[in-house]
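Down below is the structure, laid out as C-alpha cells.
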Amino acid sequence: MDPSHLAHVLGEEEKRQFAEQGYLIVKGALTAAELDRLEAACDRVWQEEQERELGPDENLFYPNFVGREQVFIDLLDHPRTFPKVWGLLNSWNIYLYHSHLGVTPQEAPADTPVKRPLGFHQDSGRVNAEIECEPRPMLSLKVGYWLSDVSTPGRGNFHIVPGSHLDNQLHRPADGNPAGAIPVLAARGDAVFFDRRLWHARSPNHSPHVRKVLFYGYGYRWLRTKDDMTIAPHLLEACDPIRRQLLGQGSNCNGFFSPTDDDVPLKLWLEENLATARL
C-alpha cells in the first residue's frame, strides 16, 4: 500500500448509498492493462477446468482462486477499491475470507425470456438462520470486479433488490421475482460492492459475450474463512505485512479477536497515513 490509496477513501455520498441501498458501483476501477492481465489469468483457470472436467459450454464457479497467481493477489489491496472496503467495514481488523471466480458462456438464445423466479438469497448460509436480530449484522461484503461488459441486461448480470439488506425476509412470488428487483449493469472494469445481506441472484447469460467476474469477500478477522485459503508458498512469501493480514495470517488464534499491532499492520498504516483514522 502507498499514498495513492488515500485518494480513494470512502466518500460521504458513497457511504450513504451503501447504507441505504446495500450496494455501490465504482466506475472504471480497473485500467485496460489490469483488465487484460486479469482476464488472461481468468482464462487460464477456465481452460484448466475445461481440460479437467468442465464442458465447453458449462458455467464455471471456482472458489479459492486468489492464491493461484500474483495478479489476483494484487487486487487484495487495490488503491481504487480497498480504501472503500476498510471504510464500509469501519475497521482495520479485516481480511479476505472468501473468493470465487465466475465464467459463463452463452446459455440460451438472446431472445430467451429471463428465468422466473431467480434464486434470490443472502450470503453466509447458516448465519442467517442462527443470528436472531432484525436486521442481521453485515459481517462481510463482496467486491465484484467485472472482466466482461454487463452494461446491458441478458449478459449474466446478477440481480439485486436495492435496500433489501435491511430485511431478514424477502417475499418471493412463486411465479416471478421480488418487487423492486433489478439487474446490476456494469461496464468492463467496474467494481460492484455489496452487503452480504443484500438479496441477490445470478441470472443466465443469453448473449454471445462470455461473462467473466471475480468476487472478493472481506470480513472481520474473527469471522471464519469460507475457503481453504490456499496460497502458493512463493506468492505468500512475497507478500508485505498488510497483504499477509488480508490473507489470514496472524500470531495466534486469540489475535483474531484481540489483535496486537503485529497482527494488524493495516491499523499502523492507517494511523501513520490517514489523519482521520479512528477505526
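All of the numbers you see were taken from the coordinates with simple rules; none came from a lab. What you are looking at is a predicted structure, and each value in this text was computed from that prediction instead of being measured. No Cβ is skipped: glycine too gets one built from the backbone with ideal geometry, and neighbour counts run over all protein chains shown.
Could you point to the residue in 98, 11, 260 farthest towards the positive end of the chain's charge dipole, with +1 and -1 charges on the Cβ of Lys/Arg and Asp/Glu respectively?
In the chain, that residue is 11.
Would you mind computing, in nm to one decimal, how far apart the modelled labels at residue 112 and residue 33 are, each placed 7 Å from Cα along Cα→Cβ?
Between residue 112 and residue 33, the simple spin-label model gives 4.0 nm.
Provide the gained length on full extension for the span residue 170 to residue 271, in nm with one decimal, where the gain is 0.36 nm per separating residue minus the Cα-Cα distance.
32.3 nm
Count the lysine pairs in the stretch 3-273 whose Cα atoms sit under 26 Å apart, keeping only pairs 8 or more residues apart in sequence or on different chains.
For the stretch 3-273, the number of qualifying lysine pairs is 18.
Under a GNM of the chain (C-alpha, springs under 10 Å), which listed residue has the highest mean-square fluctuation: 174, 40, 110?
Maximum fluctuation in the GNM of the chain, among the listed residues, is at 174.
About the Cα centre of the chain, what is the dipole size in debye to 20, counting +1 per Lys and Arg Cβ and -1 per Asp and Glu Cβ, all else neutral? Provide the component values of the computation, followed by the final result.
Values: 29 positive and 38 negative charges, 119 e Å.
Taking the Cα centre of the chain as origin, the dipole is about 580 debye.
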